[in-house]
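Down below is the structure, laid out as structure tokens.
The values are calculated or read from the model by the stated rules, or taken from the named source; none is laboratory data. Please read these numbers as outputs of a predicted model, since none were measured by experiment. All Cβ positions, even for glycine, are placed from backbone atoms using ideal geometry, and neighbour counts span all protein chains on display. Note: areas computed on protein heavy atoms with side chains; ligands, DNA, RNA excluded. Shrake-Rupley method; radii C 1.70, N 1.55, O 1.52, S 1.80 Å.
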Amino acid sequence: MSTYDHDGPTGRPAESPAARTANGRHPVAAADALPDASKASDRTPQAPRAAEAAAETRAARAVRLVSAAALGPYQSAVVRIGFSATWLFFLLRELPNRRELYGPDGPWSWDLGNRLVSGNHAFTALLWTDSTVWFEIVYALAIVSSALLMLGWRTRTMSVVFMIGVLSLQNRSVFMGDGGDNVIHLMAIYLVFTRCAQVWSLDARRAARGVRQDRVGPVLWAVCGLGLLVGTWRTSGSGVFGGGEWWLWVVFWGMWAVQGLWWVVGRFADGDSRALLDVLGNLVHNAAMVVIMAEVCLVYATAGWYKIQGSRWQDGTALFYPLKLDYFSPWPELSSLLGTSGVIVMLLTYGTVMVQVAFPFTLFNRRVKNVLLVAMMLEHAGIAVLLGLPFFSLAMIAADAVFLPTSFLRRVGAYAGRLRPGARLPEQRRERAEQAERPRTLVG
Amino acid sequence: MGHGGANAASRGIAGLPFRFQVVAALALAVIGVIACVQIGMVFLHVAPSNTVSKEYGKAVDDWIYPEFEQNWKLFAPNPLQQNINVQARAEIKMPGGTVRTTDWIDFSAQDGAAIQHNPLPSHTEQNELRRGWDFFVGSHTDDNKPNGLRGELSEQYLRRIVMLRLGAHRDGGTVDRIQVRSMTTSVKGPSWSDEKTDTRPSYREVPWWTVTPADLPGGAGDARTEAKR
């Protein structure tokens, strides 16, 4: 054990015995680590020499924290499941309307889409050809990749295919989307960089079962390479590479190359090389999780701070008006009922602004953060019904979930595990996964 | 100590051999910078126009557009306080050569009816026409002149939305021309408020458009509400 492992003040309220081991194997949520940092900085050691040593220790500890483990395994898993499930439900719900929304002959025709995208260079595979068959293939791939990402099967690969599906459909018809689509769009990109299948996934289960000859991985990898080749060839003629979207192709090919590298290193290289790849994977994951959390904070900060400037949010009637809009009142009786009480409308109006403005700051206090998290999730559940925005609300709840405490998520996982007869607890599965020298497979 | 793999799993970069530590430290720096820039750029993108975003607006836009574009002014600064109904009427050429004009048909009301008592409203009902009209208004001057490419695109988009719902063939004839208008009605203020709201509708009428084959989306052959005769 290194000197800085347990000596430093942790000051974290113990969530569970597992969290207390704090050896990086049971990382607590990155969000939950925040109060920790703030507390640590409060403690100013008396002697200057001690301060110097403590500072060094903290820096080293921080580096170890972000490189030794992919933090927030449960949080990243719940975000993965939340967004893939939301998009999957959406695609299934719109199955009868898919051609009207994204098809080559919908109101936003292939030609209109092409003219718009040739100006902004957004990525969409649907503009490669105006064939209806191709459209159906992409829509089907989007459904399949969402389902598989939700289950955590070949998660890294599926996350890339999922992103391709989301970007292809949404960028094809930008004017069909709303805030829910917007947040799915962003998270689909960020998720690609996370190790979001450490728990609650088929990948984790496969890893727990131990080393096995992996035939699917190389096949999937080869198919993806072929698909990428075709996509690159199809795109190279259109000048898109010069239009600012080159980085997406770096991501596609980079991910593909890295998958191959993992496989080669896992099979033939020494432990040090594997450890290096592991550290790099952790660094990227942890950075992506920070970006996801910052993104959620920016969403709420923007939504809250702009509302403060509005007269209706100031006079406490803002909530009344959406309830009277025909496009946002699927249950007019319910909306009218809510709209009769001035006091309730005002409380909800002020409450909304307060919660949204306050949320980012509450991250420095676990308990207050959790209370606000519950409030926001409940509000979104209400919006789902009252304003008729179920997919927007689901997406926002999935985004909020990145801040859920590890102990709660583990309890949910354990409960869900018990629902299945003969199932092992997720923790047990996870521990087994750690014990086994994890086989590095292609597209694993 | 055996494998470096098991060692590094608990110690991170510190557990790696020196040459790999250099690689990992470099990666840490690059990844850290990219993450910080991403967060900073998104912040500048969603923040109000300010000193920094004016100075570096081009750099911010280059980074953000198109994939990281976002707008979280949800019902802000003020929620929409008007119901905007998009309506259209058509000139139908009858087989005998006569022309008849339909009444105004309220497509937003049809959307509203489809949304009502529906726990899972479709984007086709909730966003298509509503945002299509927004797009048209946002890319046109007040006297309905298109602003560049987006204006032109929005016109054809609107025509195709209307034609999908209207149907190319209607009442035994062929739709020759269409006219679109919006009817804006302010939501009456709450009962406890003494504010006076003028709830009389106001209209914005777009000139007649001649329907071309390019304005007919798939499925526009029949009227949605009436079977083809």
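From (1) in the same structural domain as B:Asp198 (by TED's automatic domain parsing); (2) at pLDDT below 95, pick out the condition that doesn't hold for B:Phe75.
(1)
For the structure I just gave you, tell me whether B:Glu69 is open to solvent by 40 Å² or more (accessible area, probe 1.4 Å) and among the acidic types (Asp, Glu).
Yes, satisfied.
Looking at the stretch B:66-85, which of its residues are more than 24 Å from B:Asp111 (Cβ to Cβ) and in contact with a Ser or Thr (Cβ under 9 Å, 6 or more places away or on another chain)?
B:Gln70, B:Trp72, B:Pro77
Here's a check for you: in the stretch A:333-373, which residue that is open to solvent by 20 Å² or more (accessible area, probe 1.4 Å) and basic (Lys, Arg) is nearest to A:Leu298 (Cα to Cα)?
Only one residue fits best here, namely A:Arg366.
Within the stretch B:172-219, which residues are touching a Phe, Trp or Tyr at 6+ places or on another chain (Cβ under 6 Å) and under 30 Å from A:Ser335 (Cα atoms)?
Across the stretch B:172-219, the qualifying residues are B:Arg181, B:Met183, B:Val187, B:Pro190.
Looking only at the stretch A:388-405, count how many residues are part of a helix (DSSP H, G or I) and either open to solvent by 10 Å² or more (accessible area, probe 1.4 Å) or at pLDDT below 95 (or both).
5
Give the stretch A:307-326 a look and list any residue that's surrounded by fewer than 22 Cβ atoms within 10 Å (Cβ to Cβ) and more than 7 Å from every other protein chain (Cβ to nearest Cβ), or say none.
A:Ile308, A:Gln314, A:Asp315, A:Gly316
Looking at (1) part of a loop (DSSP other than H, G, I, E, B); (2) facing another protein chain (nearest Cβ under 10 Å), find the lone condition where B:Ser49 falls short.
In the conditions (1) part of a loop (DSSP other than H, G, I, E, B); (2) facing another protein chain (nearest Cβ under 10 Å), B:Ser49 misses (2) alone.
Can you spot a residue in the stretch A:218-239 that is open to solvent by less than 10 Å² (accessible area, probe 1.4 Å) and either in a loop (DSSP other than H, G, I, E, B) or free of Cβ contacts under 8 Å to residues at least 24 places away in the same chain (or both)?
Looking for residues that are open to solvent by less than 10 Å² (accessible area, probe 1.4 Å) and either in a loop (DSSP other than H, G, I, E, B) or free of Cβ contacts under 8 Å to residues at least 24 places away in the same chain (or both), one finds none in the stretch A:218-239, hence no.
Within the stretch A:174-205, work out how many residues are β-branched (Val, Ile, Thr) and touching a Ser or Thr at 6+ places or on another chain (Cβ under 6 Å).
Here the count works out to 2.
May I ask you to say which residue of B:Arg177, B:Arg159, B:Arg150 is over 29 Å from B:Pro95 (Cα atoms) and assigned by TED's automatic domain parsing to the domain that holds B:Ala88?
Result of the check over B:Arg177, B:Arg159, B:Arg150: B:Arg150.
Going through A:Val371, A:Val345, A:Val355 one at a time, which residue ends up being without any contact (Cβ under 8 Å) to a residue 12 or more places away in the chain and either more than 7 Å from every other protein chain (Cβ to nearest Cβ) or touching a Gly at 6+ places or on another chain (Cβ under 7 Å) (or both)?
A:Val371
Given the conditions (1) among the aromatic types (Phe, Trp, Tyr); (2) more than 9 Å from chain B (Cβ to nearest Cβ); (3) within 29 Å of A:Trp87 (Cβ to Cβ), and given that A:Phe364 satisfies all but one, which numbered condition is not satisfied?
Result: A:Phe364 fails condition (3) only.
Quick one: in the stretch A:116-132, of everything that is within 14 Å of another protein chain (Cβ to nearest Cβ) and β-branched (Val, Ile, Thr), which residue is nearest to the chain's Cα centre (by Cα)?
Of everything passing the filter in the stretch A:116-132, A:Thr124 is nearest to the chain's Cα centre (by Cα).
Check B:Ser139, B:Ser182, B:Ser202 and return the single one that is touching a helix residue (DSSP H, G or I) at 6+ places or on another chain (Cβ under 6 Å), among the polar types (S, T, N, Q) and either without any contact (Cβ under 8 Å) to a residue 12 or more places away in the chain or more than 8 Å from chain A (Cβ to nearest Cβ) (or both).
Result: B:Ser139 is the single residue among B:Ser139, B:Ser182, B:Ser202 that is touching a helix residue (DSSP H, G or I) at 6+ places or on another chain (Cβ under 6 Å), among the polar types (S, T, N, Q) and either without any contact (Cβ under 8 Å) to a residue 12 or more places away in the chain or more than 8 Å from chain A (Cβ to nearest Cβ) (or both).
Using the structure shown, decide if A:Thr157 is of a type in the set (S, T, N, Q) and without any contact (Cβ under 8 Å) to a residue 60 or more places away in the chain.
For A:Thr157, the condition - of a type in the set (S, T, N, Q) and without any contact (Cβ under 8 Å) to a residue 60 or more places away in the chain - is not met.
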